[in-house]
Structures are given as structure tokens and as C-alpha cells.
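The values are calculated or read from the model by the stated rules, or taken from the named source; none is laboratory data. Keep in mind that this is a model prediction, so the values were computed, not measured.
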Amino acid sequence: VRKPPDDGLQPERTSLAWSRTSFAVLGNGALLLLREIGRFEGPLRLVPAFVALVVALFTYGVGKCRQRLLHRRPLPAIVTARWEIRAMGWLMLLLVVVTAVTLPL
């Protein structure tokens with residue numbers, strides 16, 4: 001009986017890292033939303049929470065795709081998430097800028 005190759009813990013660590021990141025961003029969005037509940041002054045104040053939700057969902061989706069990719073056998077020739085990482089960076093930067101602009105309002 002032939003044993004399947006041992007993948008080690010890399011797929012699990014990768015999945016956990018993406019999940020942690022998405023939950024952290026989602027938590028950030030929840031805190032931004034809670035901050036505005038008592039003093040709602042218009043929909044503009046909810047933009048940071050909405051952007052955080054979009055970033056969290058994107059992060060979770062990328063994490064799930066990465067997890068499926070790392071479980072494929074044989075592994076594809078290209079396993080790096082180039083455009084996803086670049087998009088994630090831009091989305092995080094957008095979240096920071098939108099939050100910084102709208103919080104002092």
C-alpha cells in the first residue's frame with residue numbers, strides 16, 4: 001500500500017493565515033460600524049465599514065482559492081498569488097485611506 005505524500009503543515013498554515021487576516025479586517029469593520037451606531041450622520045460614515053467588509057470577503061475568497069490550489073496533486077507550475085497579493089495590498093491601502101479621511105468628520 002502506497003502512502004500519499006506528506007504535505008506538511010504548509011496548506012494548513014496558509015489557510016489559517018488567510019482566515020486570520022480576513023477575520024481581523026472584518027473585526028476592524030465591525031468596530032468602525034459600532035463607532036457610528038450611536039451618532040449616525042449619513043451614509044458616508046458607513047463607507048469604511050463597507051470597505052472593510054469588501055476587503056474581508058476578498059481576503060477570505062483568496063484564502064479559499066489558495067487552499068484548494070495547495071491541495072491539488074500534482075501542484076500547478078505556478079502557485080504564487082501575484083495579482084491577488086497586489087490587489088490585497090491596494091484594498092488594504094484603500095481601507096486605511098478611507099478610514100483616515102472619514103473618521104475625523
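For the range 7-39, how many residues are among the small types (Gly, Ala, Ser) and farther than 30 Å from Arg73 by Cα? Reasoning before the result, please.
Taking the range 7-39 as the starting set, the residues that turn out to be among the small types (Gly, Ala, Ser) are 8, 15, 17, 19, 22, 24, 27, 29-30, 38.
Then keep just the ones that are farther than 30 Å from Arg73 by Cα; that gives 24, 27, 29-30, 38.
So the answer is 5.
Can Arg72 be described as basic (Lys, Arg) and part of a helix (DSSP H, G or I)?
Numbers: basic (Lys, Arg): yes; part of a helix (DSSP H, G or I): no.
No: the conditions fail for Arg72.
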For the condition at pLDDT 85 or above and over 16 Å from the mean Cα position of the chain (by Cα), what is the one hit in Val54, Val25, Val62, Val97? Val97
Mind checking which residues of the range 33-67 are among the charged types (D, E, K, R), in a helix (DSSP H, G or I) and farther than 15 Å from Glu84 by Cα? Arg35, Glu36, Arg45
